[in-house]
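The values are calculated or read from the model by the stated rules, or taken from the named source; none is laboratory data. Every value quoted in this text rests on a predicted model; they were computed, and no experiment measured them. Neighbour counts are summed over all protein chains in view; Cβ atoms, including those assigned to glycine, are modelled from backbone coordinates with ideal geometry.
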Amino acid sequence: MSGQGLRALILQHEQPTPAGLIIDWLDERGIGIEHRRVDLEQGIALGDHDLIVSLGSEFAAFDDHIPWIPREAGLLAEALRRDIPVVGLCFGAQLMTRVLGGRCYRADEAEIGWLPVRTTDADLLPEGPWFQWHFDSFELAPGATLLAESPFGPQAFLAGRSMGVQFHPEVTPQIMDEWVRAYAHELDAEGVDPDDLVRETVEQDTSNRERAWRLFDAWLERVAGLGAIARGSR
């Protein structure tokens, strides 16, 4: 752990999938940020970062034809070996599951929209609604603890000091505007109205921020065990 407060490494996978509310939360908690594009850069190192955030992606966590996926899998494996807390969001949760020995796979149907989850710990993870946009699912990895689920499958888990969530707590109206443009073909194929997604995201913006802060703060305090250090760095 660095002597100048906590430092986070954010791993982004393509231009339309930024960190969104994660950036705001880290800034408010006085946590330093290093932001890297895994799809464009090689040689990314964990260094002395105190926590890792792996964001979403349009690609499948089990597709090793994408050169950066095995590279990031190695990076997350090293973080978990070193007991550096990781937060995985959607793709990030699936890749962490794979690294932990669980199976990721193409689901029978997509899950897109603002949907509730069945949580096992509402103080840590509120039931939502949370925003979903994914075509893949996973089986809980050995040693992981189920935190939430839906009829689609697992929605969140804990593994040591790390957490993976299948949904997108980081989403903002600006991100949604970009997603419905960049991935319009996916919505067309599923018969989802992009205007409805944009409208609902605007309606959910304030409450989603509150839910996301509850989730991230509770994870930092109760699971990662870094809350006191974050408070001290402010």
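Worth a mention:
- In the stretch 47-106, residue modelled with the highest pLDDT [restricted to those that are out of contact with any His (no Cβ under 9 Å at 6 or more places or on another chain), among the small types (Gly, Ala, Ser) and closer than 13 Å to Ile10 by Cα]: Gly88
- In the stretch 194-229, the qualifying residues are those that are surrounded by fewer than 13 Cβ atoms within 10 Å (Cβ to Cβ) and among the charged types (D, E, K, R), and the one that is farthest from Ile84 (Cα to Cα) is Asp195.
- Among the candidates Asp39, Asp48, residue that is charged (D, E, K, R), part of a loop (DSSP other than H, G, I, E, B), touching a Ser or Thr at 6+ places or on another chain (Cβ under 9 Å) and without any contact (Cβ under 8 Å) to a residue 40 or more places away in the chain: Asp39
- Residue list for the stretch 28-53, restricted to those being surrounded by fewer than 13 Cβ atoms within 10 Å (Cβ to Cβ) and under 17 Å from Leu80 (Cβ atoms): Ala45, Gly47, Asp48
- Residue within the stretch 225-234 that is in contact with an Asp or Glu (Cβ under 8 Å, 6 or more places away or on another chain), over 24 Å from Ala60 (Cα atoms) and modelled with pLDDT of 95 or more present: no
- Identification of strands (runs of 3 or more DSSP E) wholly contained in the stretch 111-221 with 3 or more residues that are of a type in the set (Gly, Ala, Ser) yields 153-159.
Okay, residues lined up against (1) touching a residue at least 60 places away in the same chain (Cβ under 8 Å); (2) of a type in the set (D, E, K, R):
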site: Gln155; (1), (2): no, no
site: Val165; (1), (2): yes, no
site: Pro169; (1), (2): yes, no
site: Thr172; (1), (2): yes, no
site: Ala184; (1), (2): no, no
site: Val192; (1), (2): yes, no
site: Glu200; (1), (2): yes, yes
site: Arg211; (1), (2): yes, yes
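- Among the conditions (1) touching a Ser or Thr at 6+ places or on another chain (Cβ under 8 Å); (2) under 17 Å from Gly113 (Cα atoms), the only one that Phe157 does not satisfy is (2).
- Residue that is buried (at least 21 other Cβ atoms within 10 Å of the Cβ) and among the small types (Gly, Ala, Ser), where the choices are Gly101, Gly74, Gly92, Gly113: Gly92
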